[in-house]
Amino acid sequence: MTSSPLVSVVIPAYNEEKRLVSTLERIDAHCRAAGRPYELIVVNDGSTDRTADAAREWKPADSPLFVIDRGRNRGKGFSVREGVDRARGDWIFFSDADLSTPIEEMEKFLARLESGVEVVIGSRNLPESRLEVKQPWYRRIMGKVFNLLVRLLAVPGVRDTQCGFKAFSRRAAEMIFSRARIDGFSFDVEILYLARKLRLKIEEVPVCWIDSPRSTVDPLRDSLRMFKDIARIRRDDRRGVYDLKPGEKAQEA
Ligand SMILES: Nc1nc2c(ncn2[C@@H]2O[C@H](COP(=O)(O)OP(=O)(O)OP(=O)(O)O)[C@@H](O)[C@H]2O)c(=O)[nH]1
Ligand SMILES: [Mg+2]
């Protein structure tokens, strides 16, 4: 890598007209101040508000912002895949549009990536994690039950698979996201399951978390779907769905 590595930040955004612009401003300011080349990729899929327009209207002339606009709502997993597929970075991040993990944490992740870790994931469940604003109690219980099942059935040892701040080396992103197929919130489990399967070095890093009250997660609908998806990931793996031939991409789900 001759010139300093390019950092891509993918932001899945569904009905984020109100939260997105301040997030773009903060990420843009942080990357400029850090003096490293970067690109921002917002992925909107079927929002009913003006999410994509808000991003485009904010875009300063010299800001490397790209807006991917997909008509039909397919989900966070689908959107992150679309964004990663478009990303040109050496290091590829994805972050929630509410920046519940402050962008300043990016430095910690880059240091891990530069030291050879290929998948660095934010964690709210490590002793050093700083939960400045916690999720509501029922989300924390949901999260703990879900994490228990995930550790038992899919990704042993990872204390928090769902934190919306993760980073990958380009190689790891290509290997993982070319195989990933889950469109909903459990895509996080699938990409970590794949990272393990592909023997990529994963590191869970304690982060600061400032929960944003608004959530696109429907506790009942999404937790049922997420439990089903865990079984589906294992079944698909047994069926060889993730075993790609050279140059091949995973079939659509
Ligand atoms: N493009 C796209 N983004 C989505 C979709 N569903 C959720 N997101 C985005 O995913 C991110 C996380 O959603 P939130 O509503 O913040 O979820 P949360 O309740 O904070 O969930 P946790 O991060 O697990 O605490 C936000 O940037 C959302 O806009 C979707 O269907 N499409
Ligand atoms: Mg959130």
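The values are calculated or read from the model by the stated rules, or taken from the named source; none is laboratory data. Just so it is clear, the structure is predicted and the values come from calculations on it, not from any experiment. Please note: Cβ atoms are built from the backbone with ideal geometry, for glycine as well, and neighbour counts cover all protein chains shown. For accessibility, only protein heavy atoms count, side chains too; no ligands or nucleic acids. Shrake-Rupley method; radii C 1.70, N 1.55, O 1.52, S 1.80 Å.
Tabulated values for the structure
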| item | result |
| --- | --- |
| Stokes-Einstein D for segment 115-229, Kirkwood Rh over Cα pairs, 10 °C, 1.306 mPa s (µm²/s) | 108 |
| FRET efficiency, Ala29 to Ile141 (Cβ-Cβ, R0 35 Å, nearest 0.05) | 0.45 |
| Computed P(r) (all Cα pairs; segment 4-82; 10 Å bins; percent) | 19, 52, 25, 3 |
| Gain on full stretching of the segment that runs from Arg238 to Arg70 - 0.36 nm per residue minus C-alpha separation | 57.3 nm |
| Rounded to the nearest 20 debye, dipole of segment 7-238 from Cβ charges on Lys, Arg, Asp, Glu | 1000 |
| Taking all pairs of distinct alpha-carbon atoms in segment 7-238, Kirkwood radius in angstrom | 17.7 |
| Whole-percent carbon and sulfur share, accessible surface of the chain, 1.4 Å | 53 |
| Whole-Hz couplings from phi, Karplus 6.51/-1.76/1.60, listed for segment 166-172; x for Gly and Pro | 9, 9, 9, 6, 4, 4, 5 |
| Estimated [θ] at 222 nm from DSSP helical runs (n ≥ 4, -39500 (n - 2.57)) normalised by residues in the chain, nearest 500 | -12000 deg cm²/dmol |
| Amide H partners (placed H, <5 Å) of Leu6, local residues excluded | Asp90, Trp91 |
| Backbone N within segment 156-190 under 20 Å of label point (7 Å from Glu107 Cα along the Cβ vector) | 165-168 |
| Leading residue at positive end of dipole, the chain (Cβ point charges), from Val217, Ile230, Val21 | Ile230 |
| Lys228 paired with Ser4, simple spin-label distance in nm, labels 7 Å along Cα-to-beta-carbon | 4.7 |
| Ser63 paired with Leu152, simple spin-label distance in nm, labels 7 Å along Cα-to-beta-carbon | 4.5 |
| Assigned charges on the beta-carbon of Lys, Arg, Asp, Glu; segment 52-188 dipole about Cα centre (debye) | 640 |
| Extreme residue, positive dipole direction of the chain, given options Ile176, Val155, Thr101 (C-beta unit charges) | Val155 |
| Charge-dipole axis of segment 128-171 as Lys and Arg at +1 and Asp and Glu at -1 on Cβ define it, positive-most pick from Val145, Gly164, Leu131 | Gly164 |
| Among Pro206, Pro156, Pro136: highest mean-square fluctuation, GNM of the chain, C-alpha pairs under 10 Å | Pro136 |
| Cβ-placed point charges (K, R +1; D, E -1), dipole of segment 18-65 about Cα centre in debye, nearest 20 | 160 |
